[in-house]
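Only one structure is covered here, and it is reproduced in the block below.
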Amino acid sequence: MNAAVEAYKLPPEPARSRGVWATAWRRLKNDRVGVVSLAVVAVFIAMILLSGVGLLASDWQKEVAVPDAPPTFVGPRAKQTGTDPLANVVARDAKPVDLTDIDPLAPKYAEWKERAAKIQVSEPPRVETLPFGADRLGRSVLDKTIKGAEISIFVGLFAAVLATIIGTILGALSGYVGGKVGDFLEWVYNVFTSIPDILLIFAFAAVLGRGIGTVILILGLVGWTGMYRLVRAEYIKHRTREYVRAAEAIGTSHLARMFVHILPNVSHVVLVRMSLYVVGFIKAEVILSFLGLGVPVDQVSWGTMLSEAQAELVLGHWWQLAAATLFMATFVTAFSLFTDALRDALDPKLR
C-alpha cells in the first residue's frame, strides 16, 4: 500500500525564478564600484536628511569666526601691524573744524557716544580658523556646504524625478499607443525643443516666481524632452516583442503591458538618463542661483556659494570655492557610478 502511494506522489514544484528587481540587486551587490558608490550616495542622503531636521549644520548662519578665516590646515592669518607713514603728516596739518554750522546734530554726538559706551554688548569670541575656513561674514564654510548640499541635492533629485516621470509617461504613451496620440505628443515635443531652454526657464521663472519649489518645477518642465525621446524609441521597439504579445494573449491590460512588462526592460535607459538629469540639474541650479532666479537670499546652496566665491577669489580666499566644488564633485561622481552599475544590473542583455 505504501509503495503504491509513493508511486503516485506528485512531482515537487519547480523553483520559482527570481524577479527582475531581486536579480538586479544580486548583480549589483557583486559590483564593488557600485556598492562603494551607493555607500557614498547614502552618506550624502543621510547628511541632507539630518540637515533638514536640524540635527546638522543648523547654525550655519551664525558668525563664529573672524571674517575670511582660513582653514585649520593653513593656519591663522598673520595680523597686519604696519603703520601709515603719512599719519603724522596728516595729524600735524589737520585743523579743527567746527561742525556746528555744517551739522545741527553735532552737539549731540558726544552725548550719544557716552550713552553707547555704557551699553555693554557681549559677543562670543570669534575663532581665527575653522576646519574648512569661513566666509566674508565669519560663517563656517563647512556648515554652509552641508546646508547647501541639502538644497542642491534636493533640487537635483526631485527635478530629475519630475522630468523622468513626465518624459516616461508621455514617451510610453507615444511609443506604445501611436496614432493620433503619438502625433499630438510629437507636436508638443517639437514645440518644447524648438525654444531654447534658457528662454523657457526665464519664461517659467517670470510666471511662477522664485523659490525652491519653483526651481524644481521649472527644471522638470523644461528637461523632460530628452527622456521622452529615448522612452518613445524603446517602446516602439518593444511593443511588438514576443513577451508583450504573450501578455496580450493572456488578457493583460494595456497599462499592465506598458508599465509592468515593458518598463522594467527599458528601465536601464531611464536610469541612465535620470542620472544625467541629476548632474545637469545640480549645475542648472548653480546657474539659476547665480542669475538670481534660484534659491531665496535667506538660504544657501552650492550655487550661491560658488557665486559668492567669485568675489573672494580676487582676494585669494579660495576655501569656499574648494569646499563647494569638492562636495559637488564627490556626490555627482558617486551618483553617476552608482547609476551606471544599476544600469548594468538591470540591462536584460547582460543577464
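The numbers here are math on the coordinates, done by the rules we state, and not lab data. Remember, predicted model here, so these are calculated numbers, not experimental data. Cβ coordinates were reconstructed from backbone atoms using ideal geometry, including for glycine residues, and neighbour counts include every protein chain displayed.
Below are the figures for this structure:
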quantity	calculated
Extension reserve of the Val297-Asn30 stretch, reckoned as 0.36 nm per residue once the Cα distance is removed	91.6 nm
Geometric extent, Cα atoms of the range 138-241 - Rg, Dmax (angstrom)	17.3, 63
Ala249-Asp344 pseudo-label distance in nm [points 7 Å out on the Cα-to-Cβ vector]	3.6
Relative packing of 216-227, 292-303, which averages over residues the other C-beta atoms within 10 Å, highest first	216-227, 292-303
Inter-label distance, nm, simple model (7 Å from Cα along the C-beta direction), Leu326/Ala116	4.0
Label zone at Arg136, where the point sits 7 Å out along the Cα-to-Cβ direction: the range 295-320 residues whose backbone N lies under 15 Å	304-320
Val177 paired with Leu49, simple spin-label distance in nm, labels 7 Å along Cα-to-beta-carbon	3.7
Over 21 Å between alpha carbons, listed pairs Lys29/Lys147; Lys147/Lys283; Lys62/Lys147	Lys29/Lys147
Normalised per residue, the volume of the convex hull around the Cα set of the range 246-351 (Å³)	121
Contour minus Cα-Cα distance for Ala22 and Phe73 (0.36 nm per residue)	13.7 nm
Cβ crowding within 10 Å averaged over residues, with 49-59, 241-251 ranked highest first	49-59, 241-251
